[in-house]
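Encoded as structure tokens, the structure appears first; notes follow it.
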Amino acid sequence: MGLAEEHDSVAPPPRAGDVLAAVGMGVWRWNRVEDALEVDPVCARLLGLDGSVSRLRERRLRSLLHAEDFVRLRSTALLAVAERRPFELRVRVLTEQGRLLRVLHLQVAVAASGDPCQVQGTALDGHAPEAAAEAGGAGTGAGAGAGAGLAVERQQIDALNQVAGPPPAPVRHGPHSPALPPRHLRRSREAFLLDAGRALAEANTTSEVLRVVASLSMPGFSPDGLAVFGAEGGMLTVVGQHGHREGSETPFTMPLETDYPAAEVVRTGRAVYLSSPEEYQRRFPATWPLAAGFGRQSWAFLPLVTAGRTTGAWLASFRTPVRFYPDERAVLSTVARMLAHALERAHTNESERALSRGLRRSMGTGTPTLPGITVATRYVPTGGGLMVGGDWYDIIDLPEGRMALVIGDVQGHDVHAAGLMAQLRTAVHAYAAEGHRPDAVLARTSRFLAALDDDRFATCIYIEADPARGTLQMARAGHPHPVIRTPDGTCLIRHVEGGLPLGLMPEGEDYPVTTLELQPGEVMLLCTDGLIETGGHDMYSGWIRVRDTMSPGPAEDLEGMADALIQAVHGPGSHGGGGHLADRREDDIALLLLRRDAVGPRPEPPGRRLVLTVAQDQPERIAGARQELRSIMHDWAAPDQVDAAVLLASELLANVLVHTETEAVLVAGMSGPPGARRLRIEVADRSDELAHRRSPGEMASSGRGLILLDLLSDRWGMQPRGEGKAVWFDLDEGAAEPALGT
């Protein structure tokens, strides 16, 4: 019983509103549906109003705040809703005479989902101790320390989480608010124009522009009906309208010679203001019946002018009489100018998107039907208005069961880049169909681009593939290197010799051809730099992202792998840090995945395999071979064995170039489980002359190749071939490490 009595004696906890009022904090909620601000008595007093005011329309709030601060408050509230996180800002409250009354510190937070008041917050006088003293009397003492401001902000946030529901809304008495004093009206109109300009500047399509215009609430004389007229082919048409009765959206056309206000505005470029139905009927008797049924009392028809040319007219109609004094005409004229520019920009954007959609549709998504090879492709446009940029890919059927794979990137992300892309794609397709080798295709395309536009360049990789044998003949023009994924999930950048981008040196530029063999189960990735660098990455960190996405596989689901690569760039996992998921479409992306499939029974392929050719006039490729070999041995358990393999391979390649007149073909294969793998490397040439062991002197510069094979490899041998020979050696991962330092 003692516990029960103690429980009954506990006072109920104070209400959140009482706690906030005690420290001079007001509570406000923005009802976005009704475009009204709901305030408590404390917040009303902080805004310079009577405490009985509980709801403010937008035009009334504009008149209370500095014009710049109102625009900033509205933008911050919209940003809070978009990013679902709190903000804070300071706004200036003005008196009726336009003098500064006080500075308010506002906390802006997002309400729970489903609440019509999407944004809520607290308001506090910028001088927190004084505000608390005025509001509470016994709230805080005069000895508040320097940390009082921080404590008050924390208290605001904590109390905001417990705030009660909105105060009851007063009864609305009609669509129009009472007339505002002149100073209020002037400031409110300034804020309105700033806000309207921002909203129209952010609209990218015609529908968005019309939606913004329909939502405009002009201080003191808001129109109830809006219409935008366009002129095309001597006819007046309705581009969009708002506020007319249902069914009035039927197509509207009228010759420009008609005695109609909008037609006169388009013909003359001068605005027409009609303050009463009598004036409308007197000036335009033939078309007055068109307007008579809508119950409007005043009309304003203003020209839409861009680049000195009248492109249409804007109608604003009012249910209450408007005299159209100079101030009203100035506001309407300013809005008409902003609307004309917004519509012109939207029309340009839509035309560019229509063009880019056509170009994108031309980049077919068909996959080849040849056995032995599977291809997956993706294209992702930029985050701007265009649906396509300068990136492209193509798959071309060639005679004798062969196919060509192309990927490229034209400099720029505008319509001009998209147009050049379409022409280059056609040119490459034509040169490939004529039967030219990869180097000739790129050389001809480079000259073609230079003739089209000497200010732009393009990167490209052209591959001629033989699906039956898995051989790829590649030529590269400044494009990112391909990536090879081996059957065990290892991803390696395959360095390919190449030339300058297309269009930079059209005369005499050479594009070396690299031949490699794709093994069954291996996947090759070709992509543009957007896949690597989008999202703030450089080539190194972007490659890490690609590698970590491709490695898990499985390679059997090539379409799933393509989707995973795109998600790694644009999906939620690509965004690091807090805050809003920022748009990552900084560059368009073209992606092409190529997998060699096994056809018929085949022996189990090695886990990793490297095949490359070094011609007599390419001794510099030995350095590339060393790098490639280190790549496939990146996780080998014994580092000294990696050095040994690189040394022996370099020695065998150099021997072929020095002692024969043929090219050297290096084949490296790795098999077995990690920790107990075997690496076999063989170097073949077309010379019949076999290598012989020699005893070089101390100062000799050659003759040690076979001695090194004895010392550093676990096994080695020499095999005559039908045409030439091959020298091979093995390294076992679990064997004793070679002693390179002795």
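Readers should treat all values here as calculations from the given coordinates under stated rules, not as data from a laboratory. Being a predicted model, the structure only gives us computed values, none of them experimental. Don't worry about glycine lacking a Cβ; one is built from the backbone with ideal geometry, like all the others, and counts go over all protein chains shown.
Some notes on this structure:
- Cα-based shape type of region 608-732, given that a ≥ b ≥ c are square roots of the gyration tensor eigenvalues and the cut on a/c is 1.5: prolate
- Each residue of region 675-680 was assigned a 3J(HN,Hα) from its phi angle through the Karplus expression (A = 6.51, B = -1.76, C = 1.60, θ = phi - 60°), giving x, 9, 8, 10, 10, 10 Hz with x at Gly and Pro.
- Cβ-Cβ distance of residue 89 and residue 242, R₀ of 30 Å, FRET efficiency by 1/(1 + (r/R0)^6): the value works out to about 0.40.
- Gain in span if fully extended, residue 671 to residue 35, counting 0.36 nm per residue against the direct Cα distance: 222.0 nm
- Per-residue HN-Hα couplings for region 495-505 [Karplus 6.51, -1.76, 1.60; θ = phi - 60°; Hz; x = Gly/Pro]: 5, 10, 4, x, x, 5, x, 5, x, 7, 10
- Between region 34-65 and region 604-672, the Cα center-to-center distance that results, in Å: 78
- In a fully extended conformation the segment linking residue 434 and residue 112 would gain 109.5 nm over its present Cα-Cα distance, using 0.36 nm per residue.
- For the peptides 84-97, 37-50, the ranking by mean Cβ contacts within 10 Å, running from highest to lowest, is 37-50, 84-97.
- Under 11 Å, Cβ to Cβ, from residue 260 - net charge with Lys/Arg +1 and Asp/Glu -1: -1
- Under-5 Å amide H pairs with residue 608, H placed in peptide plane, nonlocal only: 670
- Gained length - residue 99 relative to residue 711, 0.36 nm times residue gap less alpha-carbon distance: 211.0 nm
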